[in-house]
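Report on the structure given below.
Please treat every number below as a calculation from the coordinates, not as lab data. Given the structure is predicted, the values throughout are model-derived calculations rather than measurements. Cβ sites come from the backbone with ideal geometry, for glycine too, and all protein chains shown count toward neighbours.
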Amino acid sequence: MEQRRAESPIPADGAAASKLEELELPTLDLEEESGLTEALAAACRDLGVFRLANHGIPADLSDRLFSLTRHLLEEPDAEKKAKLPGYFSGTPALSLRVKELNWVEGFHVAPAAADADPDPTAADDDIGGEFGSFREVTAEYVSRMARIARKLFDAMDLGLDASQRASYLAEHDGTFRAYRYPACPAGGHIGMEAHTDSSVLSILNQQDLQESSLQVLLRPQGTWRSVQPVEGTLVVNIGDMMQAITGDAYRSVEHRVVPLPDTDRMSLCYFAFPQDDAVISGCGEDDGEKGSCYRPFSYREFREQVQADIKATGAKVGLARFRRGASAPELASAIGTEAGL
Ligand SMILES: O=C(O)CCC(=O)C(=O)O
Ligand SMILES: [Fe+2]
């Protein structure tokens, strides 16, 4: 990624990621059949983010994907843009206009693209070959991530019926992104603006570094904490769709990425989504006569609303748009939440 003028000042409270207090996260064991449901309920209700151990992703699969991503991103910008489908730089998603230019580049692998046949128009040279390997390894990684997301979702035991369990988390609709946040010695950039994910669950594999780049906003204190990578574990966070499904019992987590001064940092992110036409009607405690705190909406409707809001205002409004009886001032104050997937 070519260096650019500082266009995106880091918020004052995040100026030095390393100086932020570290967030202590619970570590859940995916193999721990008894007690997983309770542990998930506690972690999701409390922070909405946790570490996952014994997740079954072989270390060499992650290493391979990190290394292929790194090699591909070392290519000159013009080559990456011309030859590598899904490559983006400067924002988390090509399709979304965000308020600030994020200090990040990477690959976006849309649902189904991960296991699609290779693109016949793809470059048939060294880069094309390496990209083919990246796609193959990504397909393997994504299918394992989909299984983890399914296992977690089912273990959550949210009181859903079989059809809701199937449509609220669609194994074939997961999205994958591999990111590189270049070192930013002079400061002045944010790697990814503060946002909540639109997903049901997001599963993050952080490069194992001494310093932390990922930050989570603590509720209700409103203070940022850093999330240190821990070797062999993944970080799972709740997204907006889980918040809607549970009627606010589990809330999506606001987070951001601040680039490191001396070293670049990579991450592999998997986002589990509902089926596009799945109507989220919630299972919140106030379900029943009054209904959930959100009006029923399909994931497609949510996704299109997010994109329309970002296009119109540069910001994601998100769930506030779907909350029953949200007043105009509540909606106005929600406009200001930053863009995210
Ligand atoms: O790279 C990371 O650590 C987080 C990325 C992220 O929050 C996202 O893609 O939504
Ligand atoms: Fe995110």
Longest to shortest principal axis, alpha-carbon extents of segment 17-296, angstrom: 60, 46, 37
Cα gyration tensor shape of segment 26-70, rounded if a/c is under 1.5, else prolate or oblate by comparing a/b with b/c: oblate
Calculated FRET efficiency for the pair Ala249/Glu330, C-beta based, R₀ 25 Å, to 0.05: 0.80
Calculated SAXS-style log₁₀ I(q)/I(0) at q = 0.23, 0.29 Å⁻¹ - segment 238-279, Debye, Cα scatterers: -0.87, -1.07
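Within the set of other residues whose C-beta is less than 14 Å from the C-beta of Pro220, count the net charge using Lys and Arg as +1 and Asp and Glu as -1. List each step's numbers first, then the result.
Values: positive: Arg45, Arg219, Arg225, Arg251; negative: Asp46, Asp248, Glu254.
Here the count lands on +1.
Show me 202-212, 239-249 ranked by packing, highest mean number of other Cβ atoms within 10 Å first. Don't jump to the answer; show the numbers that get you there.
Numbers: 202-212: 19.6, 239-249: 23.9.
Going from most to least packed, we get 239-249, 202-212.
Calculated FRET efficiency, Ala162 and Ser67, Cβ-Cβ r, R0 45 Å, to nearest 0.05? It would help to have the intermediate numbers written out before the result.
Details: r = 40 Å, r/R0 = 0.90.
About 0.65, to the nearest 0.05.
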Amide H contacts of Ile280 (H built 1.01 Å from N, under 5 Å, at least 5 apart or other chain): Phe297, Ser298, Tyr299
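Charges at C-beta only: +1 for Lys and Arg, -1 for Asp and Glu. How large is the resulting dipole of segment 17-296 about its Cα centre, in Debye rounded to 20? Mind dumping the intermediate values first?
Values: 25 positive and 47 negative charges, 148 e Å.
The calculation lands at about 720 debye.
Pairs to check: Lys81/Lys151; Lys81/Lys311; Lys80/Lys311. Give those whose C-alpha atoms are more than 28 Å from each other in this structure. Intermediate values should be presented prior to the final figure.
Details: Lys81/Lys151 36 Å; Lys81/Lys311 23 Å; Lys80/Lys311 26 Å.
Distance filter (> 28 Å) returns Lys81/Lys151.
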R0 of 45 Å, Cβ-Cβ distance Lys151-Ala186: FRET efficiency to nearest 0.05: 0.55
Peptides 139-148, 69-78 ordered by average Cβ neighbours within 10 Å, highest first: 139-148, 69-78
Alpha-carbon centroids, segment 234-277 and segment 24-73: separation in whole Å: 13
Total formal charge among the other residues, if their Cβ is under 13 angstrom from that of Ala166, Lys/Arg +1 and Asp/Glu -1: -3
Note, ³J(HN,Hα) from phi for segment 154-171, Karplus 6.51, -1.76, 1.60, rounded to Hz, x at Gly and Pro: 5, 5, 5, 6, 8, x, 8, 7, 4, 6, 5, 4, 6, 8, 6, 9, 9, 4
